[in-house]
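Undergrad: Please see the structure below; I have some questions.
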Amino acid sequence: MKDIAVRFKENPLLSPSDLTPSREGLEITCLLNPGVFQFQNKIWLLVRVAERPKQMENSISFPILTNKGTIEIIEIKKDDPELIATDARVINYKGADYLTTLSHLRLLCSEDGRTFYEPKNSPSLVGEGILETFGIEDCRVVLIDEVYYLTFTSVSKNGVGVGLRTTVDWQKFEKHGMILPPHNKDCAIFEEKINGLFYALHRPSSVDIGGNYIWIASSLDGIHWGNHHCIIKTRKEHWDSKRVGAGAAPIKTAKGWLEIYHGANENHQYCLGAFLMDLEVPTKVLARTEDPIMFPKTNYELSGFFGNVVFTNGHILDLDGETLTIYYGASDEFVCGAKFSITEILSLLTNI
């Protein structure tokens, strides 16, 4: 395998200690998987900020949102026989699943794409209502007809689905609720309409028949979705054998819509690959990379809150249409950057 990513020498760009917790009594455990966009001549990241109380030696504690928007702290003794805590991200207690952190989305900007800061009076996006009590995560951002569409993962005891908010000025946001019900995530809307329709990639999951596959859907208004097709499946004995999911919005090239996606294997190693869809009929996949184009190999990618992970859901394409800058989460703890050549990615695709 050949990793073709050119990582920023400044990596990690952001670490948990770089930001201030949202409220007293919590600490920032992870910075993850930013949505990326350009606005007012700056590059912006919509970073997932995961928080929890400071952990004590003999117990696990984590926050959840109440329906009224306040935070409740749940504390469980580690020796409780009804606690299953084998995953740093999720625990099971008395038959119910909980996240070990509570995530919200925070805006940071940069003039050079390397040094990011949090502007004064910039709003944070937090979970609201019964479908977001475990937080909101991993936002994708796309600009269509002067409106920014924000698709993100909404988490609660009811399940994991896709939420949508829109904005034109990044100060006021219109909430559209859950647009794809559980279990679904990794929703990336295409950057332009195709034959008058919105298109989006998404990832429904099945614990029985089926699997963690990438699907595509279309919409007249960007809110109500239908005409679903399964287009990318996991591959046995490959780097993407356990699950696959979309990254950011597909990139329009002369050869087709190019999507950078993540895949994971049975050892929970997350890598990046690519596939190509037809320009006019995006339900048709033309080609796919056999090997990953990026895999965890640096210390900050191999070791962290949940190590051996590179995961992207945001990028910027240079005006030349050739240089792709991705911003990605490393080991579920740090935010990093890397560059790719579009030509090189296309050269690694194998026709299907």
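None of the figures in this text is laboratory data; all of them are computed from the coordinates on show. Please read these numbers as outputs of a predicted model, since none were measured by experiment. A quick note on method: Cβ atoms are made from the backbone with ideal geometry, for glycine too, and the neighbour counts reach across all protein chains shown.
Undergrad: For Cys230, what is the net charge nearby, where nearby means another residue's Cβ is under 13 Å from its Cβ and Lys, Arg count +1, Asp, Glu -1?
TA: Result for the neighbourhood of Cys230: +3.
Undergrad: Same structure, new question: If packing is taken as the mean number of other Cβ atoms within 10 Å per residue, what is the order of 189-202, 162-175, highest first?
TA: 189-202, 162-175
Undergrad: OK, next. What pairs in Lys54/Lys77; Lys185/Lys242; Lys54/Lys175 have C-alpha atoms more than 21 Å from each other?
TA: Too far apart for the 21 Å limit: Lys54/Lys175.
Undergrad: Sorted from fewest to most neighbouring beta carbons within 10 Å, what does the list Ile260, Ile316 look like?
TA: Ile316, Ile260
Undergrad: Give me the net charge of Thr298's neighbourhood, meaning all other residues with Cβ under 14 Å from the Cβ of Thr298; Lys, Arg count +1, Asp, Glu -1.
TA: Counting the neighbours of Thr298, the net charge comes to -1.
Undergrad: Please work out the ratio of the alpha-carbon Rg of region 269-352 to 2.2 N^0.38 Å and round it to two decimals.
TA: My calculation over the Cα atoms of region 269-352 gives 1.19.
Undergrad: A further question on this structure: Can you check what the net charge comes to around Glu322, using other residues whose Cβ is under 11 Å from the Cβ of Glu322 (Lys, Arg +1; Asp, Glu -1)?
TA: Local net charge: -2.
Undergrad: Taking Cα pairs under 8 Å and at least six residues apart, what relative contact order does region 203-352 come out at, in percent?
TA: Rounded, it is 15 percent for region 203-352.
Undergrad: Would you please state the base-10 log of I(q)/I(0) at q = 0.18 1/Å for region 70-203, with intensities from the Debye formula using one equal scatterer on every alpha carbon?
TA: Those come out to -1.08, one per q.
Undergrad: Same structure again: For a quick protection proxy, order the peptides 331-342, 229-240 by their average other-Cβ count within 10 Å, most packed first.
TA: Going by the mean number of other Cβ atoms within 10 Å, highest first, we get 331-342, 229-240.
Undergrad: Computed over the Cα atoms of region 6-351, what is the ratio Rg over Rh, Rh following Kirkwood?
TA: A ratio of 0.94.
Undergrad: Of the GluC sites (Glu not before Pro) in region 1-69, which ones lie in a loop per DSSP and count no more than 14 other C-beta atoms within 10 Å?
TA: Within region 1-69, the qualifying GluC sites (Glu not before Pro) (loop, at most 14 other Cβ atoms within 10 Å) are Glu10, Glu24, Glu57.
Undergrad: Over the chain, what is the relative contact order in percent, taking alpha-carbon pairs closer than 8 angstrom and at least six residues apart?
TA: 16 percent
Undergrad: Order these peptides, 78-84, 146-152, by their mean beta-carbon neighbour count within 10 angstrom, highest first.
TA: 146-152, 78-84
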